[in-house]
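So the structure is just underneath, and the comments pick up after that.
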Amino acid sequence: MTALRAHHRGGPEVLIVEPAPVPVPTDAEVLVAVRAAAITFAELTWDETWTRDGVGRTPIIPSHEVSGVIADIGSGVSDFERGDEVYGLIGFDRDGAAADYVTVPAADLAVRPSTVPHTVSAALPLAGLTALQALVDHAGVRPGEDVLVHGGAGGVGTLAIQLASILGANVTTTVRSDTSDLVRDCGAQRVIDVRNEAFDDGPAYDVVIDTVGGQTLDRSYSVLRPGGRLITLSAPPPIGKADEYGITAMFFIVTPSRDQLDELAALVDRGQLHVEIAATFPLAKGREAFESGRQPNRRAGKTVIVVSD
Ligand SMILES: NC(=O)c1ccc[n+]([C@@H]2O[C@H](COP(=O)([O-])OP(=O)(O)OC[C@H]3O[C@@H](n4cnc5c(N)ncnc54)[C@H](OP(=O)(O)O)[C@@H]3O)[C@@H](O)[C@H]2O)c1
């Protein structure tokens, strides 16, 4: 098969398109003929991309969100058949989907939304699962609550705004580019452009979903009402700081979930969830796809590698 691979650790410059062996599914896995694979620009900086259990695993294949068609199944898989159209999040310490084929544990896949092309369903798993797990599993957002989403124009942010709105929350979001129309279309009732307005003028929220980190995280404790929940995607919050403000603060790492993928697919098929695509690239230009993350004034949304139309 053809694959985008890297033989040693580095940035987009180490990626090359070359022939690679078709992977063979184990008992609990399926082989997916990839139609589209979404990328996360930061994935080339993560240890899990390059190592498993501390041991180097090059050559690696990047792009950990897949949409495609099942081409083969392991002997222990009974819930899918060849030809099923599926999508899902692939563990970061495994080979990704920037290739003609990828093997994935069957439990990490679900039937993809049927009303959108593969380029769109490929862009949903990581950001969608992250937003859903942040809002539902970790923040327990309830109807009528005030939710602040930092980085609302991002992959996670656009979905977090939409899902929080669907849950009945009043959503405020921060942006730092000309994306106010986009985040309002997602359902944000108030937009704070941090280039000319501060977001931290007193406790006004029950929940903060922080996709930005750093100073934004540091300044978010004070905007929560007592009992509020701060969920950050960047790094574990410092011990004790949440107690000083009478709130809870936590970091988590997204995990694959078929039930939640089913939920996201249903929302897409009902027209309730929109996935923003910034750009698509053919597999032959996979390196350019990763390089596009460095462009200033990049369009909002996910970048997707189209493997087969
Ligand atoms: N823990 C987990 O399991 C998990 C899962 C998924 C993602 N993540 C992490 O979450 C972060 C967001 O992911 P993503 O895919 O949504 O990234 P993304 O698509 O690049 O979005 C980030 C967004 O935040 C905006 N932004 C940056 N600084 C800001 C600021 N100070 N105030 C307001 N907005 C700001 C960016 O605007 P510009 O475009 O103008 O820069 C962009 O719209 C990444 O660090 C990613 O690694 C963690």
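Laboratory data are not the source of any read-out in this text; all were calculated from the coordinates shown. These figures come from a predicted structure and were not determined experimentally. FYI the Cβ positions are ideal-geometry reconstructions off the backbone, even for glycines, and counts take in every protein chain you see.
Can you tell me the length gained on complete extension of the stretch N297 to D309, counting 0.36 nm per residue apart and subtracting the Cα distance?
1.5 nm
Could you put E18, E48 in order, starting from the residue whose Cβ has the fewest other Cβ atoms within 10 Å?
In order of increasing Cβ crowding within 10 Å: E18, E48.
Given the options A284, G168, Y87, identify the residue whose Cα lies farthest towards the positive end of the charge dipole of the chain (+1 on Cβ of Lys, Arg; -1 on Cβ of Asp, Glu).
Final value for the positive-end residue is A284.
Per 10 Å bin, what is the whole-percent P(r) computed from every C-alpha pair distance within the chain?
6, 27, 33, 23, 9, 1
Quick check for me: using +1 on Lys/Arg Cβ and -1 on Asp/Glu Cβ, what's the dipole size of the chain about its Cα centre, in debye to the nearest 20?
Dipole about the Cα centre, nearest 20: 580 debye.
Assign unit charges at the C-beta atoms only (+1 for Lys and Arg, -1 for Asp and Glu), then state the dipole size of segment 127-251 relative to its Cα centre in Debye, rounded to the nearest 20.
Computed charge dipole of segment 127-251: roughly 120 debye.
Rounded if a/c is under 1.5, else prolate if a/b beats b/c, else oblate: with a ≥ b ≥ c from the C-alpha gyration tensor eigenvalues square-rooted, which is segment 25-87?
The shape class here is oblate.
Please sort 26-34, 222-230, 248-256 by packing, taking for each peptide the average over its residues of neighbouring beta carbons within 10 angstrom, highest first.
26-34, 222-230, 248-256
Once you've got the GNM for the chain with C-alpha springs shorter than 10 Å, pick whichever of R294, R176, R258 has the biggest mean-square fluctuation.
Evaluated over the chain, the most mobile residue of the options is R294.
Would you mind pulling out the separation of the Cα centroids of segment 76-119 and segment 245-301, in Å?
16 Å
What's the ranking of 141-151, 179-189 by average number of surrounding C-beta atoms within 10 Å, highest first?
Answer by packing, highest mean first, reads 141-151, 179-189.
What distance in nm separates the two pseudo spin-label positions at I253 and T2, each 7 Å out from Cα along the beta-carbon direction?
Taking the simple label geometry, I253 and T2 are separated by 3.3 nm.
Considering Cα pairs under 8 angstrom that are at least six residues apart, work out the relative contact order of the chain and quote it in whole percent.
20 percent
Highest mean first, how do 300-309, 61-70 rank when packing is the count of other Cβ atoms within 10 Å averaged over residues?
Order by mean packing, descending: 61-70, 300-309.
Considering the options Y245, L230, Q215, tell which one lies farthest towards the positive end of the dipole of segment 127-251, charges being +1 on Lys and Arg and -1 on Asp and Glu at the Cβ, about the Cα centre.
Positive-most Cα among the choices belongs to L230.
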